[in-house]
Amino acid sequence: MNKLLEKIESPDDLKKLNTDELTVLCREIREFLIDSVSETGGHLASNLGIVELTVALHTVFDVPKDKIIFDVGHQSYVHKILTGRKEGFKTLRQFGGMSGFPKKSESECDVFNTGHSSTSISAALGIARARDLDVDDYNVISVFGDGALTGGMMYEAMNDAGHSKTPLILVLNDNAMSISKNVGAIPKHLRKLRMSPTYFRSKHVVEGFLKHIPLVGKHIVNLIKHIKRNFRRLVIPTTIFDDMGFRYMGPVDGHDIKALINCFEYARSEKRPVLIHVQTKKGRGYVHAENNPQKFHGISAFNKETGETQKKGETYSERFGKTLINLAENNKKVVAITGAMPNGTGLDNFQKKFRNRFFDVGIAEQHGTTMAAGLASAGYVPVIPLYSSFLQRAYDQTLHDVCLQNLHVVFPIDRAGIVGADGETHQGVYDISYLSHMPNMTILSPATLDQLETMLHFAVNNFNAPIAIRYPRGGTEAEDISSDFTLGKAQLIKSGSDVTVIASGRMVKRAQESAALTNKSIEIIAIPTIKPLDEEAIISSAIKTGKVITIEDNVKTGGLGSMIGTLLKEKQIDCKFRIFAFPDKPITHGSIDELDKLYGLDAETIANEINR
């Protein structure tokens, strides 16, 4: 029975508890998280690691007056518990239920919607500057993981914030992990800081006494601070955070609630940029998550006792990983690049087998894409699998550094289309739109796992220009479709005379399901090559049936349907035309089937249109 947790309705309730009671509360929160997430799925390991840190923040600061911005946001579960949303965990990440990320629409305690990494300092600095312009006095706190420090945007923001001297508190949650283990120079820098820790103790009492000494008190305080700063530099020669203008504090034990409270109280009194380096353990308190934090970063419902999830069939990510290993064995020029996600994109075994041809650049999609361009310009075949919603962060690099130079970079786009429970920040429904207008870019879309394999072989060995292969989360496959693939050619799946249904990727199966619900003669055309389109096949079928319906896992604006509609209009084809795609609005969280139904892409809705 979580007796203390039952009494917590708002952060004000924390301020009534002593340190021992807060420690008990942290244990109860961990029990609650394990019980809840085992039922619904979600981001567990990161939240287990940040319990004391979040409790301490809410004990010291006054939310919602003070503003806390969580980088990425998947570690905001404890924050949600403490701000009156315990009951919402029954519907966590479910359709119509509570989001797994901060949402301003959920609570006034959520001040900024997040979902991608390395954005929190920029947002926090903007809020802090608005505070100063309004002549207000609240605190602004950015909470981010060490993985976020592999993203260049963090340094742009820190450079600005440190230079400006705007009062701002940064909390670095250092657990040596993002999703996979962190790589690069910054994690090495943090390891050096951990090896030479400077134990932080609050000096409020001493400083308060000294400042009351007439005439010289403040000078003594400043002298002590100067000596302390220089002494620390003898132990730790330099920290990048000091050099960028921040008062560096730490490392601090992220599971010592008293030390954290003391640290945050001191930081609150500083009227300048402060960075607090907190060490935590990802997955703390649940042995399965501690032993395998990658698995429990984001996990579906699981058995609480064993930590096991229900085994599903082969996924597109897994087939991609197996195929790339085969290609690399036969082509020594094949190299793989990941943005801190070897496991999520299926590269984990490639990493083990081809260590010298595997590059983890961290959460730095822009850098990874331009690095791929460099490799391609030197004669290699870089393959850089990214989630659709993360590739959009490298839009400029894809256009400017890859496409304009017509370089042979292969972009496997994982999680293309609806991803479900992660919601609006992760839905991959924009990639057709933002890639299709790039010169020299080719876009492929497999409808089966075998077709993905065929396309990847083609993209690596039989092509010499930018090429993207978009495929969905999971393993949804069309039925009775050949794995054969010819660039620029459509596939006639079913011949008919009444209505032409054109679909790509996951939606080829939806076209088949819709056709099965009608008595009309349906012609189904699969589009394995979205760009360039098979104009001849599309025009021929449109003339034949006089009615064309397109189905895609992308937004309507700039998508496959828009491309086909433009083609039919330009060629002056007289036919009825309807696009089934996602609307030009944020797509909420829920299961894929629920979201298809909500936005009218389910088989029944499409069949009704066919029958009209």
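So, Lys218, is that one open to solvent by less than 50 Å² (accessible area, probe 1.4 Å), over 26 Å from Leu44 (Cα atoms) and either assigned to a helix (DSSP H, G or I) or modelled with pLDDT of 95 or more (or both) or not? When the stated conditions are applied, Lys218 does not pass them. Of everything listed in (1) open to solvent by less than 20 Å² (accessible area, probe 1.4 Å); (2) under 22 Å from Ser118 (Cβ atoms); (3) at pLDDT 95 or above, the single unmet condition for Ala376 is (2). Residue count for segment 576-605 under the criterion of being over 23 Å from Asn113 (Cα atoms) and of a type in the set (Ser, Thr, Tyr): the result is 1. Looking only at residues of segment 480-495 that are at pLDDT 95 or above and assigned to a loop (DSSP other than H, G, I, E, B), we find that the one that is most open to solvent (accessible area, probe 1.4 Å) is Lys489. Kindly indicate whether Val135 is assigned to a loop (DSSP other than H, G, I, E, B), open to solvent by 10 Å² or more (accessible area, probe 1.4 Å) and closer than 17 Å to Pro167 by Cα. So Val135 fits the description; yes. Applying the criterion of at least 3 residues that are among the β-branched types (Val, Ile, Thr) to the helices (runs of 4 or more DSSP H) found wholly in segment 1-49 leaves 19-40. Of the helices (runs of 4 or more DSSP H) lying entirely inside segment 514-612, those carrying at least 3 residues that are touching a Phe, Trp or Tyr at 6+ places or on another chain (Cβ under 8 Å) and within 26 Å of His437 (Cα to Cα) are 560-570. Of all residues in segment 554-612, those satisfying the criterion of being farther than 16 Å from Lys509 by Cα and of a type in the set (S, T, N, Q) are Thr557, Ser562, Thr566, Gln572, Thr588, Ser591, Asn608, Asn611. Per this entry, Thr518 is not counted among residues that are buried (at least 22 other Cβ atoms within 10 Å of the Cβ), more than 30 Å from Pro102 (Cα to Cα) and hydroxyl-bearing (Ser, Thr, Tyr).
I need every pair where a residue in segment 430-448 that is within 17 Å of Lys489 (Cα to Cα) and without any contact (Cβ under 8 Å) to a residue 60 or more places away in the chain has its Cβ under 8 Å from the Cβ of a residue that is open to solvent by less than 20 Å² (accessible area, probe 1.4 Å) and outside any helix (DSSP H, G or I), sequence separation at least 6 or different chains. If the second residue must be open to solvent by less than 20 Å² (accessible area, probe 1.4 Å) and outside any helix (DSSP H, G or I), the pairs left are Thr448/Ala478.
For the residues Phe101, Phe112, the requirement of being in contact (Cβ under 8 Å) with a residue 60 or more places away in the chain, closer than 25 Å to Gly362 by Cβ and among the aromatic types (Phe, Trp, Tyr) singles out Phe101. Per the conditions (1) under 28 Å from Arg272 (Cβ atoms); (2) in contact with a helix residue (DSSP H, G or I) (Cβ under 6 Å, 6 or more places away or on another chain), the sole criterion not satisfied by Val111 is (2). Within segment 498-515, the residues that satisfy the criterion of being closer than 13 Å to Ile610 by Cβ, out of contact with any Leu (no Cβ under 8 Å at 6 or more places or on another chain) and of a type outside the set (A, V, I, L, M, F, W, C) are Asp498, Thr500, Gln512, Glu513, Ser514. Screening the candidates Asn175, Asn182 for the property of being surrounded by 14 or more Cβ atoms within 10 Å (Cβ to Cβ), under 13 Å from His277 (Cβ atoms) and modelled with pLDDT under 95 yields one hit, Asn175. Residues in segment 96-126 that are outside any loop (DSSP other than H, G, I, E, B) and open to solvent by less than 30 Å² (accessible area, probe 1.4 Å): 5 in all. Just for segment 534-543: of the residues that are touching a strand residue (DSSP E or B) at 6+ places or on another chain (Cβ under 7 Å) and either of a type in the set (A, V, I, L, M, F, W, C) or open to solvent by 10 Å² or more (accessible area, probe 1.4 Å) (or both), which one is farthest from Ile606 (Cα to Cα)? Result: Ala537.
Scan segment 317-333 and give yes if some residue there is of a type outside the set (Asp, Glu) and within 18 Å of the chain's Cα centre (by Cα), otherwise no. Yes, segment 317-333 contains a residue that is of a type outside the set (Asp, Glu) and within 18 Å of the chain's Cα centre (by Cα).
Looking across Ile610, Ile564, one residue alone is β-branched (Val, Ile, Thr), over 19 Å from Gln491 (Cα atoms) and buried (at least 20 other Cβ atoms within 10 Å of the Cβ). It is Ile610. Do the conditions hold for Glu156, that is, is it acidic (Asp, Glu), more than 30 Å from Leu4 (Cβ to Cβ) and open to solvent by 20 Å² or more (accessible area, probe 1.4 Å)? Spelling it out, Glu156 is indeed acidic (Asp, Glu), more than 30 Å from Leu4 (Cβ to Cβ) and open to solvent by 20 Å² or more (accessible area, probe 1.4 Å). What tally of residues in segment 47-82 results from selecting those that are over 20 Å from Leu275 (Cα atoms) and open to solvent by 10 Å² or more (accessible area, probe 1.4 Å)? The total comes to 3. Being within 29 Å of the chain's Cα centre (by Cα) and free of Cβ contacts under 8 Å to residues at least 12 places away in the same chain is a condition met by no residue of segment 33-50.
Counting only residues that are under 19 Å from Phe582 (Cα atoms) and aromatic (Phe, Trp, Tyr), segment 473-512 holds 0 of them.
Residue pairs whose Cβ atoms lie under 9 Å apart, separated by 6 or more positions or on different chains, with the first residue in segment 562-579 and more than 14 Å from Ile502 (Cβ to Cβ) and in contact (Cβ under 8 Å) with a residue 12 or more places away in the chain and the second open to solvent by 40 Å² or more (accessible area, probe 1.4 Å) and not hydrophobic (A, V, I, L, M, F, W, C), are Lys571/Glu535. Which members of segment 496-509 meet the condition of being over 18 Å from Cys575 (Cα atoms) and open to solvent by 30 Å² or more (accessible area, probe 1.4 Å)? The answer is Lys509, and nothing else.
Just the residues that are under 16 Å from the mean Cα position of the chain (by Cα), at pLDDT 95 or above and surrounded by fewer than 19 Cβ atoms within 10 Å (Cβ to Cβ), please, taken from segment 138-153. Result: no residue meets the conditions. When Leu168 is tested against (1) surrounded by 24 or more Cβ atoms within 10 Å (Cβ to Cβ); (2) over 19 Å from the mean Cα position of the chain (by Cα); (3) within 30 Å of Lys597 (Cβ to Cβ), just one condition goes unmet, and that condition is (3).
The values are calculated or read from the model by the stated rules, or taken from the named source; none is laboratory data. None of the values given here were measured: they were computed from a predicted structure. Neighbour counts run over all protein chains shown; Cβ positions are idealised from the backbone, glycine included. Areas reflect the complete protein model, heavy atoms only, side chains present, ligands, DNA and RNA absent. Shrake-Rupley method; radii C 1.70, N 1.55, O 1.52, S 1.80 Å.
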